[in-house]
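> Got a structure for you, written out below as structure tokens; questions coming shortly.
The values are calculated or read from the model by the stated rules, or taken from the named source; none is laboratory data. Because the structure is a prediction, the values reported are computed rather than measured. As a convention, Cβ positions derive from the backbone with ideal geometry for all residues, glycine included, and neighbour counts pool all protein chains shown. Surface accessibility is based on the protein's heavy atoms, side chains included, excluding ligands, DNA and RNA. Shrake-Rupley method; radii C 1.70, N 1.55, O 1.52, S 1.80 Å.
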Amino acid sequence: MSAINPHTKLSSSGLIICLIAALVGAFLWSLAAGPVHIPLFTILKTLLGNVGHEHVEQLIIVEIRLPRVLLALLVGIGLGMSGAALQALVRNPLAEPGVLGISSSAALGAVLVFYTGSTDAFPFALPIGGLFGAMCTTAILFALAQRSLSTLNLILAGVAINAFTGAVTALALNLSPNPFAAYEIYFWLMGSFANRSIDHFWLTLPFATIGIMLLTVCAFRLDAFAFGEEVAGSLGVNTKRTQLFVIAGTALAVGSGVAVVGVIGFIGLVVPHLLRPIVGEKPSTLVPLSGIGGGLLTIVADNFCRVGVVSGELKIGVVTALLGAPFLLLIVLKKGKSLWSR
């Protein structure tokens with residue numbers, strides 16, 4: 001493995017500072033912007049726990065905007081890190097969190113809850129159903145990994161799961177006896193942070209945190225995968241355990257987010273590609289930085305959904321798809337037949 005260029009380390013440090021500064025700015029912008037503009041002084045005072053005469057504005061921050069931006073940050077970190085880790089694991093720049101079928105399985109679990117009408121009796125049945133769907137797919141992938149399948153075979157299994165869960169979701173929409181319920185499911189699948197409370201954030205936090213920790217741990221092991229699985233094994237890396245860590249980390253970090261906010265695509269695909277020309281392809285550097293970049297991009301996209309239109313609110317899944325699809329086409333056109341240039 002080649003030595004790290006000191007200039008790369010310096011640019012990585014500078015990039016970390018820039019990303020954190022941009023993330024803080026986007027975070028504060030998300031709290032300030034909206035139908036009711038809130039001054040920065042009021043925001044800082046609220047975050048420090050000082051309640052003054054601006055009680056209504058502080059209530060807007062605490063009850064509406066803060067849970068939303070915290071959830072966007074958490075989900076974005078999971079998406080960014082998962083995308084970078086999967087691309088390093090399979091050595092393919094087109095890999096992203098949805099490739100394992102976890103996102104679609106979480107969506108299916110939530111759709112089935114919608115379909116049964118359980119949300120009327122228990123509001124948190126929706127995210128719990130989504131988490132259950134993600135865990136079911138994770139169990140299947142774990143069982144396949146125990147059979148010592150290659151990474152490519154695991155990805156093919158994920159593609160099959162994606163196709164199956166997508167078909168079942170479409171079937172549920174097709175057979176829905178209530179057109180209004182089908183309409184609600186359809187819009188939920190587009191992804192949105194609207195109307196999410198702090199309880200949704202606390203529900204997602206433990207699962208996403210464990211997933212992020214697993215992805216952080218395996219990031220250093222993924223450096224050896226640049227030369228292939230066999231070479232990584234000869235260097236002393238437990239390739240099966242690394243596979244399991246990436247699968248489990250992606251399932252927890254992404255599945256828990258999808259279960260609460262719906263499907264948000266392309267964040268995990270775009271962010272690593274934006275950072276790779278600056279910091280290089282080493283997963284030990286790229287995976288953590290992609291977490292910061294994913295959180296930043298998700299918050300910015302959500303802010304655009306809220307304040308970027310004259311009336312109403314866009315779905316974040318629509319916005320990320322409008323940005324990500326042309327970016328994906330650009331990658332394909334740029335790389336041609338070789339989708340992974342070393």
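> Choose one of ALA194, ILE64, LEU244: the residue whose Cα lies farthest towards the positive end of the charge dipole of the chain (beta-carbon charges +1 Lys, Arg; -1 Asp, Glu; about the Cα centre).
Sorting the options by dipole projection puts first LEU244.
> Within the chain, which whole H helices from DSSP have a Cα span along their axis of at least 24 Å and a mean Kyte-Doolittle hydropathy of -1.0 or more, if any?
6-32, 66-90, 125-146, 151-175, 198-221, 239-261, 283-307, 316-335
> Taking a cut-off of 13 Å between Cα atoms, list the aspartates and glutamates near LYS282, but don't count ones fewer than 8 places away on the same chain.
Once the sequence-local aspartates and glutamates are set aside, what remains near LYS282 is ASP223.
> Can you give the accessible area per residue of segment 131-203, in Å², using a 1.4 Å probe?
Accessible surface, normalised per residue, equals 56 Å².
> If you don't mind, there's one more thing I want to ask. With a probe of 1.4 Å, find how much accessible area segment 89-128 has per residue, and write the answer as a whole number in Å².
On a per-residue basis, 37 Å².
> Could you state the orientation-averaged shadow area of the convex hull built on the Cα atoms of segment 162-277, in nm² to one decimal?
That works out to 9.7 nm².
> So what does the Cα-only Debye profile of segment 257-321 read at q = 0.28, 0.29 Å⁻¹, as log10 I(q)/I(0), no solvent term?
For the requested q values the scattering log ratios are -1.17, -1.21.
> Let me ask another. If you build the convex hull over the alpha carbons only and average its shadow over all orientations, what do you get for segment 231-293? Give it in nm² to one decimal.
Taking the Cα atoms of segment 231-293, their convex hull projects to 5.1 nm² on average.
> State, to one decimal in nm², a quarter of the convex hull surface area for the C-alpha atoms of segment 41-193, i.e. the direction-averaged projected area.
12.3 nm²
> Say R0 is 45 Å: what FRET efficiency, to the nearest 0.05, do GLU184 and LYS240 get from their beta-carbon distance?
Once the sixth-power term is evaluated, E becomes 0.60.
> Let me ask something additional. At 1.306 mPa s and 10 °C, plugging the Kirkwood radius over alpha-carbon pairs of the chain into Stokes-Einstein gives what diffusion coefficient in µm²/s?
Details: Rh = 20.7 Å.
Translational D for this selection: 77 µm²/s.
> Sticking with this structure for a sec: If you roll a 1.4 Å probe over segment 189-327 with all protein chains in place, what percent of the accessible area is carbon or sulfur?
Details: 3610 of 5220 Å².
Accessible surface attributable to carbon and sulfur in segment 189-327 totals 69 percent.
> Ok, one more. Per DSSP H run of at least 4 residues, take -39500 (n - 2.57); add these up for the chain, divide by its residues and hand me the 222 nm value, nearest 500 deg cm²/dmol. Mind showing how you got there, number by number?
Values: 14 runs with 250 residues, N = 342.
Per the formula, -24500 deg cm²/dmol.
> If you build a Gaussian network model of the chain, linking Cα atoms that sit under 10 Å apart, which residue out of ARG306, ARG147, ARG241 swings the most?
Its mean-square fluctuation being the largest, the pick is ARG147.
> Between GLU313 and ALA143, what length comes free when the chain is fully extended (0.36 nm per residue of separation minus the Cα-Cα distance, one decimal in nm)?
57.1 nm
> Under 8 Å for C-alpha pairs, at least 6 residues apart: give me the relative contact order for the chain, rounded to a whole percent.
On the way: 516 pairs, mean separation 101.6, N = 342.
After rounding, I find 30 percent.
> Follow-up. Just to confirm, what accessible area per residue do you get for segment 260-313 at 1.4 Å probe, in whole Å²?
Each residue of segment 260-313 exposes 32 Å² on average to a 1.4 Å probe.
> Over all Cα pairs of segment 63-138, how is the pair count split among 5 Å bins, expressed in % and running from 0 up to the last occupied bin?
Distribution as computed: 3, 15, 16, 19, 20, 14, 7, 3, 1, 0 percent.
> Under 14 Å Cα to Cα from LYS45, which aspartates and glutamates show up? Leave out anything in the same chain fewer than 8 places away.
Of all the aspartates and glutamates, those that pass the test against LYS45 - Cα under 14 Å, at least 8 places apart if same chain - are GLU54, GLU57.
> Listed highest first by mean packing, meaning other Cβ atoms within 10 Å per residue, what order do 260-267, 282-289, 155-162, 100-107 come in?
Result, highest mean Cβ count within 10 Å first: 100-107, 260-267, 282-289, 155-162.
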